[in-house]
Amino acid sequence: MNDHANKSIKCTVDSCAYHCDTKDYCSLDVIQVGTHEKSPEVEQCTDCQSFEVKS
Ligand code: SF4
């Protein structure tokens, strides 16, 4: 059970291994955000690159 919530990083991706199980926050101290586009223009172009699928 991962119940640590970093209140500075809100997140709703509950399939991520770092998602707080009890609240919509990330449990990491810091995350990396990046993009898969050459010229990102909308929010869908950005990615949390710290994501790891929950096993
Ligand atoms: S690592 Fe990224 S996707 Fe995973 S819980 Fe944290 S903010 Fe969300």
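Here, the chain has an Rg and a Dmax of 12.0, 38 Å when only alpha carbons are counted.
Backbone geometry of the range 36-53 corresponds, through the Karplus equation with coefficients 6.51, -1.76 and 1.60 at θ = phi - 60°, to 3J(HN,Hα) couplings of 9, 10, 6, 9, x, 10, 9, 4, 5, 7, 9, 9, 7, 8, 8, 4, 9, 5 Hz, x marking Gly and Pro. Note on the chain: lysine pairs with Cα distance below 18 Å, sequence gap of 8 or more or different chains, count 4. Simple spin-label model, 7 Å along Cα-to-Cβ: Thr35 to Ala17 in nm? Result: 2.8 nm between the two label points. Compute the distance in nm between two label points, each set 7 Å from the Cα along the Cα-to-Cβ direction, one at Lys7 and one at Cys45. Result for the modelled spin labels: 3.4 nm.
Residues in the chain average 79 Å² of solvent-accessible surface per residue, probe 1.4 Å, ligands and nucleic acids excluded.
The values are calculated or read from the model by the stated rules, or taken from the named source; none is laboratory data. In this text the structure is predicted, and so the values were computed from the model without any measurement. Cβ: placed from backbone, ideal geometry, glycine included. Neighbour counts: every protein chain shown. The accessibility values were calculated without ligands, DNA or RNA, using every heavy atom of the protein model including side chains. Shrake-Rupley method; radii C 1.70, N 1.55, O 1.52, S 1.80 Å.
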